[in-house]
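Data first, discussion second: the structure below is written as structure tokens.
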Amino acid sequence: MTEKSTQPEAETSTGAADDAPGPSSEPGPSSEPGPSPEPGPSREPGPSRESEPAVASTPPTPSHEPAEPALTAAAAPAEAPPEADPPVSPESVVSPSTPPPTGAPGLKGHAGPGHAHHGSLGILSLAALGVVFGDIGTSPLYALKECVNPPHGVAATSANVLGILSLIFWSLISVVTLKYLTFIMRADNEGEGGILALLALAPSRLRPLHSPRLGVIPAVVLFGAALLYGDGVITPAISMLSAVEGLEVAAPALKHVVIPLTCGILLGLFALQKHGTEGIGKVFGPIMVVWFAVLGVLGAVHLARHPAVLQALNPAHAVHFFQANGGDGFAILGSVVLAITGGEALYADMGHFGRLPIKLAWYCVALPGLVLNYFGQGANLLLHPDAAAAPFFSLVPQGAATYALVAIATAATAIASQALISGAYSLTRQAVQLGYLPRFHVKHTSHDTEGQIYIPEINWMLAVGCIVLVVAFQQSSRLAAAYGIAVTGTMAITSIMFYVVARQTWGWPIGKALPLLVFFLALDLPFFAANLLKLWDGGYVPLLVASGIFMMMATWKRGRAYLAESFQQLLTPLGAFLQRVRAPGGPVRVRGTAVFLTSNPVDAPPVLTHHVHHNKSLHEHVVLLTVSTERYPRVPLEKRVEIKKLEGGFYRIVLRSGFMEDTNVPALLRYARMTDVLPEEIDLKDMTYYLGRETFLATEKGKMGRFTEGLFSFMMRNASSATAYFHLPPEQVVELGIQLDL
């Protein structure tokens, strides 16, 4: 489905936003601040098995941890006492139980939580090569080069080359193969991976949903997620610049075109994002197969010329390297880590393809190609130490072969950049759904694939960041100093969160979980510390980006939580409101259906009471609509709609979505109609959506500082409207103003 986003109306009040300005302290872009009981059950202890995904029931029943507030769009007040809930008609609760029908426009069904991985294992592995392995697959362009070149490298002596190759090889084995593929990828949230999926797996007591206080665990995870944005800015810049720099090897006279050409390619790549990658994405996998084949063949040719380089497989060479080089040897870890920077992507993109296809692609294609190429570069350096200036492009004769290698390298780096750009979109949508960022204009670029999205604001922020870095640093070797801190920081945070989930969610004994944590951190922390040595050479860039993103996330959560406290004072128990409606002199009932979005299904939302107070009338049929975002990536289509008929022509409808899903309210209501769940008296064509447009007053006694209030106000004003976010027909939307004290 394709979303046609509309700009929110201009707002004159400070910090104004619509009735559903996006999530705050809890997940889910519901309409108003306020919690409701969490519908999702806790997970069974232990890592999930890919073949047996747990399915959230409707209504679900908690099992291993206390019930927690619903992961809805915005922070909400505590639920009203049971007696405040109006009587329920005999129809009670109705949920669709039939399979999703065909022909529901704008709606995609899911067989269960997580992606449905369609296609054979081989096809999925091929597709994974085009998405998951782009970053780590293009590392041979610059990883070994940075290890043997100033200012952070060492001389390309025989002992040093063997030591560096040993470090690279065993890093690929220990970090990527053992840590991520063997352990971390087992910590999936119904098939989805990534650092925010780990946060959703943590017990609710460790992630306060409704408090302005962020909490230690969410703060650590959110900073790790923010670091990924820094990685998303640097990776396209360094990868593309490294590929285009090959022109200097073929023809030194072309040096002056490297920067303009790199910027032009990056600008074109970001400009094409609005059209989506569904068409060209089908060739990403085959292109990356060719790329890894080129890596392997070139490496094997040079390896055959100097097979003695295979001595580097012995980890003793890595030990001797540290002994011989001391502090300089430790600093080299900051360059060695460039060979494994794409490891986190394997985990983050697990939901798209599944663990098994990714492992198959790694063992059969990516790992052999990478190892052969690194050892081929090393063999060539042992024979020709002067090749240290460009170890990768020195694998082919200067001339036409270099141009061909530059072409295929540019294509591979474009694919790697595309994967990171798409990953930034997905990360942003997860943060929005989980309540840590305001809504953005999310546009779908595919009618068939839900994950194909485009977020203009994120796209052009990344574009500007990449181009500024290329122009400012001029050379990939200088950019390499800025690379690594973001990735190694996220790797360490992932290790810590794996331990938290293993202990607190799965119930692992400390004797089982702690040794793994020690092993993981023994890998992560030296890499991170070595990259800190490059802080003032450019390492500050990802930290500045991450700090800015983290501040936005923390400010949004805190501001929405404070607004929720003010919002609670405006709530009216629904039972009391219905009594006033039925009492003599109550509002005049008119034909039609009115829909009021609310995150608290127990109380009457302020927009409803305001409407009755000012207009003295009420529609014949009134729907209290709650959009609830679960802590699961996806909710099966047949479990996404719950309808309860109340008294007096009132209905309570709860629409459930996973934190990786889009929420198309009209499409879900059409689905409910097609499955005979939606009562016939509710006319979808004669339906009016009432939204509240919130404004807040910043007072001298405000709970937030002046700067954070200003930042929160800016984010509120620029959040995407609820009309666009929920795909509501603009001609059927009415907005009423609501003023809150911050």
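Points worth noting:
- Residues of segment 275-294 satisfying the condition of being part of a helix (DSSP H, G or I), at pLDDT below 95 and among the small types (G, A, S): G281, G285
- The residue that is nearest to V132 (Cα to Cα), counting only those in segment 173-222 that are at pLDDT 80 or above and polar (S, T, N, Q), is T177.
- Residue match in segment 326-347 (condition: of a type in the set (D, E, K, R) and crowded, with 23+ Cβ neighbours inside 10 Å): yes
- Cβ-Cβ under 6 Å pairs, at least 6 apart or on other chains, segment 520-532 side part of a helix (DSSP H, G or I), far side among the hydroxyl-bearing types (S, T, Y): F520/S495; L521/S495; L523/S174; D524/S495; F527/T488; F528/T488; N531/T488
- Checklist (1) more than 19 Å from A226 (Cα to Cα); (2) out of contact with any Lys or Arg (no Cβ under 9 Å at 6 or more places or on another chain); (3) modelled with pLDDT under 90; (4) polar (S, T, N, Q) applied to T413, failing item: (3)
- Residues (aliphatic (A, V, I, L, M), over 16 Å from V176 (Cα atoms) and surrounded by 18 or more Cβ atoms within 10 Å (Cβ to Cβ)) located in segment 497-540: M497, V500, V501, A502, A513, A530
- Test: residue in segment 706-714 that is buried (at least 24 other Cβ atoms within 10 Å of the Cβ), within 22 Å of the chain's Cα centre (by Cα) and modelled with pLDDT under 80: no
- Residue in segment 442-465 that is in the same structural domain as L144 (by TED's automatic domain parsing) and in contact with a Leu (Cβ under 8 Å, 6 or more places away or on another chain) present: yes
- Residue pairs meeting the criteria (Cβ under 9 Å; at least 6 apart or on separate chains; first assigned by TED's automatic domain parsing to the domain that holds I421, in segment 221-238; second of a type in the set (F, W, Y) and not in a helix (DSSP H, G or I)): L222/Y436; A225/Y436; D231/Y483; I234/Y483; T235/Y483; I238/Y142; I238/Y483
- Some residue of segment 379-392 being buried (at least 16 other Cβ atoms within 10 Å of the Cβ) and aromatic (F, W, Y): yes
- Summed over segment 533-586, the residues that are touching a Gly at 6+ places or on another chain (Cβ under 9 Å), part of a loop (DSSP other than H, G, I, E, B) and under 30 Å from G649 (Cα atoms) give a count of 1.
- Close pairs (9 angstrom Cβ cut-off, 6 or more residues apart or separate chains): closer than 12 Å to V581 by Cα in segment 603-616, exposed (fewer than 12 other Cβ atoms within 10 Å of the Cβ) anywhere: K616/V588
- The condition (being out of contact with any strand residue (DSSP E or B) (no Cβ under 6 Å at 6 or more places or on another chain), crowded, with 24+ Cβ neighbours inside 10 Å and either of a type outside the set (A, V, I, L, M, F, W, C) or in the same structural domain as S139 (by TED's automatic domain parsing) (or both)) is satisfied by just one residue among A400, A481: A481.
- Residue within segment 612-620 that is modelled with pLDDT under 90, surrounded by fewer than 16 Cβ atoms within 10 Å (Cβ to Cβ), in contact with a helix residue (DSSP H, G or I) (Cβ under 9 Å, 6 or more places away or on another chain) and of a type in the set (S, T, Y) present: yes
- Residue in segment 586-602 that is of a type outside the set (D, E), modelled with pLDDT under 85 and under 18 Å from E735 (Cβ atoms) present: yes
- Scanning segment 571-609 for residues that are of a type in the set (A, V, I, L, M), out of contact with any Asp or Glu (no Cβ under 7 Å at 6 or more places or on another chain) and under 15 Å from V623 (Cβ atoms) turns up V581, A594, V595, A604, L608.
- Matching option when the condition is assigned to a helix (DSSP H, G or I) and either among the polar types (S, T, N, Q) or buried (at least 20 other Cβ atoms within 10 Å of the Cβ) (or both), among L261, L272, L247, L267: L247
- Restricting segment 659-694 to residues that are of a type in the set (V, I, T) and over 28 Å from the mean Cα position of the chain (by Cα), the residue that is farthest from V581 (Cα to Cα): T675
- Annotation for segment 349-357: no member residue is on the phi < 0 side of the Ramachandran plot, touching a residue at least 24 places away in the same chain (Cβ under 8 Å), in the same structural domain as V148 (by TED's automatic domain parsing) and more than 23 Å from the chain's Cα centre (by Cα).
- Any chance L241 is at pLDDT 90 or above and either crowded, with 18+ Cβ neighbours inside 10 Å or among the small types (G, A, S) (or both): yes
- Within segment 508-519, if we keep just the residues that are of a type outside the set (A, V, I, L, M) and part of a helix (DSSP H, G or I), the residue that is farthest from the chain's Cα centre (by Cα) turns out to be G511.
- Set E681, E694: member being surrounded by fewer than 23 Cβ atoms within 10 Å (Cβ to Cβ), within 27 Å of H614 (Cα to Cα) and not hydrophobic (A, V, I, L, M, F, W, C): E681
- All conditions but one from (1) in a strand (DSSP E or B); (2) over 24 Å from the mean Cα position of the chain (by Cα) apply to R656; the one that does not is (2).
- The lone exception for G232 - which of (1) surrounded by fewer than 16 Cβ atoms within 10 Å (Cβ to Cβ); (2) over 20 Å from A407 (Cβ atoms) it fails: (1)
The values are calculated or read from the model by the stated rules, or taken from the named source; none is laboratory data. Quantities reported herein were computed from a predicted structural model and do not represent experimental measurements. Methodologically, a virtual Cβ is constructed for each residue, glycine included, from the backbone with ideal geometry; neighbour enumeration extends over all protein chains shown.
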